1. Take each of the peptides 36-46, 140-150, average the number of other beta-carbon atoms within 10 Å over its residues, and list them starting from the highest.
2. Excluding residues on the same chain fewer than 8 positions from K146, give the lysines whose Cα lies under 16 Å from its Cα.
3. Please state the charge dipole magnitude for the stretch 5-149, taken about the Cα centre, from unit charges on C-beta atoms (+1 on K and R, -1 on D and E), reported in debye and rounded to the nearest 20.
4. So if I place +1 on the C-beta of Lys and Arg and -1 on the C-beta of Asp and Glu, and nothing else carries charge, what would the dipole magnitude of the chain be about its Cα centre? I want it in debye, nearest 20.
5. Sort out for me the Cα centre separation of the stretch 238-311 from the stretch 1-19, rounded to whole Å.
6. About its Cα centre, how strong a charge dipole does the stretch 136-179 have in debye, to the nearest 20, once Lys and Arg get +1 and Asp and Glu get -1 at the Cβ?
7. Can you tell me the order of 93-100, 162-169, 247-254, 198-205 when each peptide is scored by its average per-residue count of other Cβ atoms within 10 angstrom, highest first?
8. Find how many whole Å separate the alpha carbon centroid of the stretch 67-101 from the alpha carbon centroid of the stretch 108-161.
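Coordinate-derived values only; no laboratory data. All figures in this text were calculated on a predicted structure; none of them were measured in a lab. Please note: Cβ atoms are built from the backbone with ideal geometry, for glycine as well, and neighbour counts cover all protein chains shown.
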Amino acid sequence: MLYGAELWTLNREKLSKLEKVQNIFLRVCLGLLSGTSGSAARGLLGLWTVGAEIDKRKLLFLRRLICASEDCVHRRVFMIRLNRWRWNPNKITGFVPDLVRILQKYCLWEYMDNFLQSGNFPSKSEWKKTVIENINHTEIEFWKIKTQRYKQLGLYSQVVKEPMRNLWLQFALENSEMANQVAIIVKILCGSFYVNGVRFTGEKTQFHCMSCGNYYINPVKHAMLHCCETQLARTKLWERITDFFPVEFVVNINSLDENNLMQTIFGNMQFMQGHDNNQVQNFYIIVAESISQIITITSYIDIYLDSETIH
Ligand SMILES: [Zn+2]
């Protein structure tokens, strides 16, 4: 999709169309309902926005231009344009001012400034590392703003702390039999489901549970921790945890308050520190089974699998 992007000069509208295409792909890949936050999906896969990907290509291409041999035509054209821009920045449009904007956006202008003054530019590996680090930093900040804005991503924001390949997706890759369970967890995390036939919004609405007669605000928490409809599946989960894991591990899980417990079972490993990696992995395999079972048996939460996800 980005072939030749080094030389593109996109306006906001065209870039936004590309971002939308990426968001559609991501939602389809993860089986999310339309309208689910693309940033949330991107975060689970550890991907950058299309804009950042294009910027990276342009920045790496910039070094290739600068370091090409002096008699190369493309380098000479670039240097002429660069000098024209230097002495008349407001009159020049296109490739050079676009690069200047990108360098400034990622706090990389000092390298260009240094090149203009001394002719020196970082080595290939050094430049690549700096470019990736700086873009990543900007992307993480952008992702945080985007994902913290959506109310339906409340659980997501507590669980997914960084945009990188999520542990659930890693599980699904390593154990293909977990694919369906992981698909359900991903939908719950991204707020991509219905409650009593209405799309989940994350608003603090009070729902009345037809199964147990109680009121709840958070449908996932109600299903996972309180509802009598899911009591049996829940008891099974605790029995398995008690039977399978050492006492210290069980005590640790039992000592968590409701919010921390919810975060932990959905993949925030903050409270898992100090435990053996295999134990943690086994815990999440058991939990994945239980979450998918509990969510599937609730009569008020609707998760749409497969083709129904693309409305
Ligand atoms: Zn209930």
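1. On the way: 36-46: 22.5, 140-150: 15.1.
Peptide ranking by packing, descending: 36-46, 140-150.
2. Counting by Cα, and skipping residues close in sequence, K146 has these lysines nearby: K20, K161.
3. Numbers: 25 positive and 14 negative charges, 71 e Å.
Its charge dipole is roughly 340 debye.
4. Result for the chain is approximately 1720 debye, rounded to the nearest 20.
5. If we compute the Cα centre of each part, the gap is 41 Å.
6. Roughly 320 debye, rounded to the nearest 20.
7. Answer by packing, highest mean first, reads 162-169, 93-100, 247-254, 198-205.
8. Value for the Cα centre distance between the two parts: 24 Å.
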